[in-house]
Each structure stands twice: as structure tokens, then as C-alpha cells.
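Read the structure below first, then the notes.
The values are calculated or read from the model by the stated rules, or taken from the named source; none is laboratory data. If you're wondering where the values come from, they're calculated on a predicted model, not measured in any experiment. Cβ placement follows ideal geometry from the backbone for every residue including glycine, while neighbour counts extend to all protein chains displayed.
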Amino acid sequence: MQLGTRWTSGDEPPKAVPDAVARAVREVDAAIPDDDLGQPRPRWTLTWLEGRPIAELDTGVIVTIGQDGEPVVTHDADDGFA
């Protein structure tokens with residue numbers, strides 16, 4: 001059994017986050033507009049489904065690992081990360 005973890009956007013992802021997911025998380029964090037920084041930063045949640053990592057940002061951005069081992073980023077059209 002693997003437990004999840006939480007951390008604040010912009011902070012270094014915990015060691016439990018696989019490298020491919022951490023790279024994508026950093027890219028998403030870098031894309032958060034500076035004008036949003038007056039607000040509390042959103043938080044990431046890492047969970048595991050059938051042994052696969054899923055990192056979800058409070059805004060609805062989700063980072064998973066594709067079949068090819070590369071990160072896949074999905075999000076709602078309204079979350080500002082178009």
C-alpha cells in the first residue's frame with residue numbers, strides 16, 4: 001500500500017513523487033500567472049491508483065504517467081492553464 005502526500009505549489013515536490021511527475025508538476029507551477037500569487041498558492045495531492053501516481057492540483061490540473069512512461073497533464077478549460 002502506498003500513501004499519498006500533499007505539498008504547496010511552487011515548493012519542491014516530495015521525494016515520494018516520481019521524477020516524471022515531478023518534472024511536469026514543476027512546469028505547471030511555473031505556468032501559474034504571477035497575478036495569482038496574491039492568493040494562497042494551491043496545493044498538490046499525490047495519490048496512487050493501481051500502483052500509478054496521480055498528482056492533482058487544487059485548481060483541477062492532473063498529472064499522471066502515460067503508458068510510455070511520460071507525464072500527461074490534463075486540466076479543465078476554465079482553470080487558466082490553456
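What to note about this one:
- Index of the failed condition, P13 passing every other in (1) surrounded by fewer than 14 Cβ atoms within 10 Å (Cβ to Cβ); (2) part of a loop (DSSP other than H, G, I, E, B); (3) at pLDDT 95 or above: (1)
- Within the stretch 16-49, considering residues that are free of Cβ contacts under 8 Å to residues at least 40 places away in the same chain and under 15 Å from L3 (Cβ atoms), the one surrounded by the fewest Cβ atoms within 10 Å (Cβ to Cβ): L49
- Of residues in the stretch 68-82 being of a type outside the set (V, I, T) and modelled with pLDDT of 70 or more, the one nearest to A22 (Cα to Cα): P71
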